[in-house]
Each structure stands twice: as structure tokens, then as C-alpha cells.
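The values are calculated or read from the model by the stated rules, or taken from the named source; none is laboratory data. Model, not experiment: these values are computed from the prediction. As a convention, Cβ positions derive from the backbone with ideal geometry for all residues, glycine included, and neighbour counts pool all protein chains shown. Areas reflect the complete protein model, heavy atoms only, side chains present, ligands, DNA and RNA absent. Shrake-Rupley method; radii C 1.70, N 1.55, O 1.52, S 1.80 Å.
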Amino acid sequence: MKKYISDLTQSLKPYAGIIYFVVMLLGTHFLWKWVVDGDLNSQHIAIFGKNCTEQFYHLSQFTARLVYWFSSIFPGTDDLYLYDTHIYFYNNNGVNIIWGCTGVKQLYIYLTIMILYPGPWKKKLWYLPLTAFILFCYNIFRISAILFLIQDHIERFEFLHEGVFRYLYYIIIFLLWVYWEEIIRKKSVKSRK
């Protein structure tokens with residue numbers, strides 16, 4: 001049994017980083033579910049039992065304004081409207097930005113993984129803000145893309161929102177981690193030898 005465990009450990013060694021990433025991803029996801037009490041329909045959110053609805057509502061409004069601004073720079077958006085956290089076209093097809101759309105959960109997951117992952121802190125000081133900004137920009141792009149893709153086909157919303165763009169978000173998080181692991185961290189380990 002001891003030899004089997006030793007062999008298994010050796011065979012998994014090349015995948016240690018990926019295993020760590022997946023365990024941290026799942027751990028931070030479930031920790032979020034445990035710490036955050038949120039009702040997406042009423043936009044109510046509490047963290048450790050403290051009501052944070054107002055703060056997240058303002059964040060939702062800010063996100064909606066950014067999505068509206070970004071979407072408005074494209075041609076054919078003369079009939080795009082913003083009302084509070086709602087962005088919609090003339091036919092009332094659109095999106096309502098709730099606290100879950102702000103990208104806070106994904107940033108929390110990513111930053112927690114990266115802060116706890118090994119690597120030089122001097123490089124993390126520039127890499128984490130840069131990649132957090134990339135994720136923030138992707139979130140604005142994601143909501144804008146959904147907005148345009150459902151303009152005349154509201155039935156696409158669930159597939160795009162719950163499927164394509166959500167998984168793409170996590171793929172980007174994974175790729176940012178891979179870049180850290182394969183380019184930045186390994187290069188820094190080699191330079192110390």
C-alpha cells in the first residue's frame with residue numbers, strides 16, 4: 001500500500017499545480033456559498049450575516065453604467081437605454097445588472113487562489129492588479145456581448161449567461177493562472193538557481 005501511494009504521488013507530481021488550482025477553485029467557491037447569503041431575485045446580499053445590499057446595489061449601478069458606456073460606442077446603439085441597473089433596447093430586450101453580475105465572486109476566487117499560490121511577491125504586486133483589471137474588463141465585455149446577442153433573441157439569454165460566457169470567465173481565470181505558473185513563477189525559480 002505504501003508503494004502504491006508513493007507511485008501515485010510520483011505520477012501526479014507533474015499535475016500538482018493543476019490539482020492545487022482545482023482544489024482552491026472548488027474551496028473558494030464553497031467558501032463563498034458558506035459566507036455569502038444572497039438572493040438574486042431581490043438583490044439582497046449579506047456577508048457573514050452583515051447586510052451589504054446597498055453597497056452591492058451601487059456596484060451594480062456602476063457596472064451597468066460601464067456596460068452601457070461600452071455598448072454605446074458601437075454603431076446601431078441609438079435605441080439602447082439605461083435605467084438604473086437595466087440596460088435594454090427599444091423592444092425591451094436587455095439585461096438587469098444584479099450583484100451577481102458585478103464579477104466580485106470571480107475576482108474573489110481568482111485573487112484568493114493567486115495570493116495563496118506560491119510565487120514571488122514582488123511579481124504578484126504588479127501581476128494581481130493587472131490580471132484583476134483584465135477580469136474586470138472581460139466582465140464588462142461579457143455583459144455587453146450578451147446584451148447584443150439577445151437584442152432580437154431573448155431566448156438565448158440563459159444559454160449565453162449561464163453557459164458560454166460563464167465558462168469562458170473560468171477559462172480566462174485558468175489561463176491567467178497558467179501564465180503565472182508557467183511563465184512568471186517557473187522563470188523566477190530558475191533565476192534563483
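What the table shows:
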read-out: The stretch 1-73: chymotrypsin sites (Phe, Trp or Tyr not before Pro) in DSSP loop, at most 16 other beta carbons within 10 Å; value: 48
read-out: Largest to smallest principal axis extent of the C-alpha atoms in the stretch 50-107, angstrom; value: 42, 21, 14
read-out: Accessible surface of the stretch 90-193, 1.4 Å probe, proportion on carbon and sulfur as whole %; value: 68 percent
read-out: Span-like helix ranges in the chain, DSSP H, alpha carbon extent 30 angstrom or more, Kyte mean at least 1.0; value: 121-149
read-out: Reachable lysines, given that their alpha-carbon falls under 27 Å from the alpha-carbon of residue 3 and they are not under 8 places away in the same chain; value: 13
read-out: Max mean-square fluctuation residue, GNM over the chain, Cα-Cα springs under 10 Å, options 72, 144, 11; value: 11
read-out: Label selected from [x] 17.4; [y] 19.0; [z] 18.5, the criterion being Kirkwood radius over Cα pairs in Å as computed here; value: [y]
read-out: Å² per residue, accessible surface of the stretch 106-155 at 1.4 Å; value: 49 Å²
read-out: Cα-based equivalent ellipsoid of the stretch 127-176: semi-axis lengths in Å, sorted from largest, via gyration tensor; value: 24, 12, 5
read-out: Residue of 45, 19, 113 that the Gaussian network model of the chain assigns the largest fluctuation, springs spanning Cα pairs under 10 Å; value: 19
read-out: Rg/Rh (Cα only; Kirkwood hydrodynamic radius) as it applies to the stretch 109-193; value: 1.14
read-out: Label-point separation in nm, residue 148 to residue 91, each point 7 Å along Cα→Cβ; value: 1.7 nm
read-out: Candidates 120, 129, 14: whichever shows maximal mean-square fluctuation once the chain is modelled as a Gaussian network with Cα springs under 10 Å; value: 14
read-out: Theoretical ellipticity at 222 nm over the chain - DSSP helices of four or more residues, -39500 (n - 2.57) apiece, nearest 500; value: -20000 deg cm²/dmol
